[in-house]
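We did not get these values from a lab; they are worked out from the coordinates using the rules stated. Small disclaimer: the values here were computed from a predicted structure and weren't measured. Positions of Cβ are generated from backbone atoms using ideal geometry, with glycine treated the same way; all protein chains shown enter the neighbour counts.
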């Protein structure tokens, strides 16, 4: 029945299956499959790393061997065979491009499809008064293009791949890497420490307000490649930076492991705003394929009155295991977590945050919006912890779940541990099903069913979306609509 | 404009409309009156295409086209509007965004370009002013925290913005004080012209003091049992449904 097949494909095209499911034909430089000390040495040698870093990796690898994969999250997936995974892949084409002109045009086309026209952004940068976004595009394991570097340099901002930073700023890397998320923090963090391929390093000097939004688009391309990114952002006293990470991956049948580590350090009066829009391949309707997103993200509010704000819109990945957290160690520091997590078909998400109040007068806000469609599982898991020495702590938590289908599930698992009686902790939670009346009202005003769902869901997420930088809020809104396509009924 | 023939409708396997015919021509205002449970709202929902309202027999033609199998939004695209008895709240979605999305969906259905934000603002300001709606209300979330009267006023503004060929207004007058009732009547009268038809569904004569219908129908137990001129409404008021039918 060729005709039927063709029809199915056309329908799939129209209804917008995963939009970014294409594969780029770039020659890859790969390490052999599997993980061993030799592979760790291979990766380190490939990157011409100093001895101290190789030792750091090996220490992590040996710790990882003795650790167990966590099983407490409300997610199910077949056991990962770490010996059947590539731990290093890099595009072969270039030796360190100096400008966009030197970048493999095939790569640039990938970003164009993703809607990140690097070249155009450079042109835009010349427009007076236009807001600028610097993009450090990560193609699989190696950064291939960094824009606006010159302008940032003038401001004293360092924005480069972490492998470069290892060579250029070893003291900063040595001082901070692994201080927020220790090597042995958890299984996936330890794995990342052993085999991390590349990532982003940002340093904002004292008193500097970063002149543009910094942005990284991650992209996983090679088949069976684990992607092990590391991000380290340091905001010195009185500085400010807004950072956005957006992720898309092409369609693949095999599951791909992503185990990233993100560490943020905010010193006195510094502020870091970290936004994520994640739409990695979620697998097909039957749960085949998709990304495993096992990520450790943590911020240390080290200085007085420092502030870190996590905003995430998570629509992709087959399995998500992610808890961007704040350790509020500086007096009067502030942690915020704004999250939208959408799951459709057979996606599973176990996500939330941890707010650890160590110092007096620290405050935190958690707003979480979970949307479950299809046959998906969506779980909010969060911890609010107040240590005994922390006076006058305040926390406000709001967890709302919206069920779009009757076959999906929403779970809320809040942990609250308070060891100081002066703390004020508030927790609100709601779960509701998308209302037939709302849907019909929208449809009776001319909106198609999917458009109606997207509109209602966007309204539901409003409080979170408004925390995204303007440039990405519109994109994120569209993404919610795309992610929920085919979810009605 | 609208031709309903021998319509039978079931909801959850229970027959509510039991053989109903109705003909509305362009420019006409019809009122359907009847007691609770007569099937008036079922008729409105069926014309608008709500799920679970199953047409078991008969036909609904709109502008010469059978719309029975069209999705609700497609019917809106064809020029139909349903005013709700209980307008629904949509938290987080501003009234302006809602109306603009609705209008552009309809325009796209008709193969027209989206209306620009500036052009839309111009249009909506004019319509809101005509219906004495505060601009602040346009910025608020759809119907959230609106009083009963404000919700109905909002329905009228939406109708004016979408500018339908046929508006079916389901008990738009219910629960309104006299000032709000006048606003609704103004909205209906503003929409009334040679091309637009209006179907009012009501069980009070009250609204008909402000909107003069061309035809009044009496509906009892899923059927239209009597039709006449506007004097029929007065007769109903006076004698009650049992005697008129």
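Across region B:131-245, what fraction of all alpha-carbon pairs, as a whole percent, falls in each successive 5 Å bin from zero upward?
2, 11, 21, 21, 18, 13, 8, 4, 2, 0
Where does each of A:474-480, B:91-97 land if you order them by average Cβ count within 10 Å, highest first?
B:91-97, A:474-480
What average number of partner chain Cβ atoms lie no more than 10 Å from the Cβ of the residues making up B:60-73?
2
Using the count of nearby Cβ atoms within 10 Å as a rough guide to exposure, how do A:412, A:422 rank from fewest to most?
Listed from fewest to most nearby Cβ atoms, that is A:422, A:412.
At a 10 Å Cβ-Cβ cut-off, how would you order A:204, B:24, A:272, fewest neighbours first?
B:24, A:272, A:204
Tell me, A:271, A:417, A:48 in order of fewest to most beta-carbon neighbours within 10 Å?
Ranking A:271, A:417, A:48 by Cβ neighbours within 10 Å, fewest first, gives A:48, A:417, A:271.
Report, in degrees rounded to the nearest 10, the 0 to 90 angle that the Cα long axis of helix B:95-109 makes with the longest principal axis of chain B.
Once rounded, one gets 70 degrees.
Would you mind putting A:348-359, B:52-63, A:74-85, B:160-171 in packing order, based on average other-beta-carbon counts within 10 Å, highest first?
Details: A:348-359: 24.6, B:52-63: 15.6, A:74-85: 12.4, B:160-171: 22.2.
Output ranking for A:348-359, B:52-63, A:74-85, B:160-171: A:348-359, B:160-171, B:52-63, A:74-85.
Sort region B:1-78 into rounded, prolate or oblate with this rule: let a ≥ b ≥ c be the square roots of the eigenvalues of the Cα gyration tensor; rounded if a/c is under 1.5, and if a/c is not under 1.5, prolate when a/b is larger than b/c, oblate otherwise.
oblate
Modelling each spin label as a point 7 Å along the Cα-to-Cβ direction, I'd like the residue B:55/residue A:391 distance in nm, to one decimal.
Distance between label points: 7.4 nm.
As an exercise, use a Förster radius of 35 Å and the Cβ-Cβ distance of residue A:65 and residue A:411 to find the FRET efficiency, rounded to the nearest 0.05.
Calculated transfer efficiency: 0.60.
Note down the relative contact order for chain B as a percent, whole number, built from C-alpha pairs under 8 angstrom at least six residues apart. Don't jump to the answer; show the numbers that get you there.
Values: 457 pairs, mean separation 69.6, N = 245.
With pairs under 8 Å counted, the relative contact order is 28 percent.
Across peptide A:429-442, how many C-beta atoms of other chains are within 10 Å of each residue C-beta, on average?
4
With each pseudo-label sitting 7 Å past Cα toward Cβ, what's the residue A:36-residue B:108 distance in nm, one decimal?
Between residue A:36 and residue B:108, the simple spin-label model gives 5.5 nm.
Rounding to the nearest 10 and keeping the result within 0 to 90°, find how far the Cα-based axis of helix B:117-130 lies from the longest principal axis of chain B.
50
In peptide A:447-459, how many Cβ atoms from other protein chains are near each Cβ within 10 Å, on average?
Counting other chains' Cβ atoms within 10 Å and averaging over A:447-459 gives 5.
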